[in-house]
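The values are calculated or read from the model by the stated rules, or taken from the named source; none is laboratory data. Small disclaimer: the values here were computed from a predicted structure and weren't measured. For neighbour counting, all protein chains shown are included, and Cβ atoms are generated from backbone atoms with ideal geometry for every residue, glycine included. Please note that ligands, DNA and RNA were not included when accessible areas were found on the heavy atoms of the full protein model with its side chains. Shrake-Rupley method; radii C 1.70, N 1.55, O 1.52, S 1.80 Å.
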Amino acid sequence: MARNIQSLERAAAMLRLLAGGERRLGLSDIASSLGLAKGTAHGILRTLQQEGFVEQDEASGRYQLGAELLRLGTTYLDVHELRARALVWTDDLARSSGESVHLGVLHQQGVLIVHHVFRPDDSRQVLEIGAMQPLHSTALGKVLSAYDPVAHSEALEADRKPFTDRTTCDLDAFEHVLDITRARGYAADVEETWEGVASIAAPIHDRRRMPVGAVGITGAVERLRKDGELRPELIAAVRDCARAVSRDLGGGRF
């Protein structure tokens with residue numbers, strides 16, 4: 001029988017301690033509770049901190065669970081609960097907007113489409129569940145990059161290649177787009193990824209007030225815009241859908 005790796009056992013015990021005790025614990029408390037030397041405990045904590053599993057409060061020096069651990073622990077639940085909660089609202093959005101609706105989550109430096117509602121007409125369409133979209137040029141990707149720190153980092157590290165002459169590739173310009181997205185609560189893609197195609201998307205938050213996905217509509221530019229501007233009623237419909245799904249996930253109003 002293979003032997004367990006002691007350092008991993010200690011790290012797991014440390015995470016359980018932080019999850020079950022006070023909100024924050026100091027190095028001495030952690031070391032004594034686990035029967036470890038301070039140097040050993042500090043080395044494990046430092047590694048966990050570098051990986052995002054543990055965070056250290058700058059003022060007190062105490063440790064707590066990090067956002068990356070919370071993300072890993074709830075990813076499976078989030079994606080499946082997100083899709084289940086969004087089914088009715090995305091159907092309603094497709095009917096009210098007359099456009100196709102996509103639900104996306106962060107995955108491998110891109111946006112994974114986890115739900116797709118066809119445009120409610122008789123046109124031939126292809127189911128896009130499982131497809132990947134870029135973070136920097138699509139409305140779904142911009143929303144995730146604006147609200148999710150991990151998505152933001154991955155968008156900055158990724159190759160922001162131009163898909164059309166309207167794609168924002170410059171770093172400063174992209175950061176400005178994200179600032180605008182956060183300020184107005186939605187993102188847009190007007191022929192930045194596909195010629196003749198526009199999209200509008202808004203963020204979805206869960207009960208921990210963390211961004212867990214984005215929902216948006218996609219369609220021909222001439223249908224989504226009027227007099228050169230995105231139609232305000234479509235923007236409102238997308239934002240209302242995102243709020244409704246967030247509410248059902250326990251995320252409240254955003």
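Structure data summary
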item: Helix axis angle, 38-50 relative to the chain longest principal axis, alpha carbon, degrees; result: 10 degrees
item: Zone of V88's modelled label, taken as backbone nitrogen in the stretch 227-243 under 17 Å from a point 7 Å along Cα→Cβ; result: 240-243
item: Dimensions (Å) - the stretch 117-183, Cα atoms, principal axes, largest first; result: 42, 25, 22
item: Cα-based helix-to-principal-axis angle, 171-184 vs the chain, degrees rounded to 10; result: 80 degrees
item: 222 nm mean residue ellipticity, helices alone, for the chain (DSSP H n ≥ 4; -39,500 (n - 2.57); rounded to 500); result: -15000 deg cm²/dmol
item: Dipole-positive endmost among S96, V114, L135 within the stretch 81-143 (Cβ charges, Cα centre); result: L135
item: Amide H partners (placed H, <5 Å) of I204, local residues excluded; result: V212, G213, A214, V215
item: Options (i) 41, 19, 16; (ii) 24, 22, 19; (iii) 40, 26, 14 - which one matches semi-axes √(5λ) of the Cα gyration tensor in Å as calculated here; result: (i)
item: Accessible area of the chain divided out per residue, in Å², using a probe of 1.4 angstrom; result: 53 Å²
item: Distance between modelled label sites at M132 and H80, nm, 7 Å Cα→Cβ extension; result: 2.4 nm
item: Gaussian network model of the chain, springs between alpha carbon atoms under 10 Å - residue of M210, M14, M132 with greatest fluctuation; result: M14
item: Contour excess over end-to-end distance, with Cα ends at R46 and D165 and 0.36 nm allotted per residue; result: 38.4 nm
item: Where E175, E9 fall by accessible area, highest first, once all protein chains stay in place (1.4 Å); result: E9, E175
item: Rounded tilt (10° steps) of 6-20 against the dominant C-alpha axis of the chain; result: 70 degrees
item: For the chain, size of Cβ-based charge dipole, Lys and Arg +1, Asp and Glu -1, in debye; result: 980 debye
item: Length-normalised contact order for the chain - Cα pairs under 8 Å, 6+ apart - percent; result: 15 percent
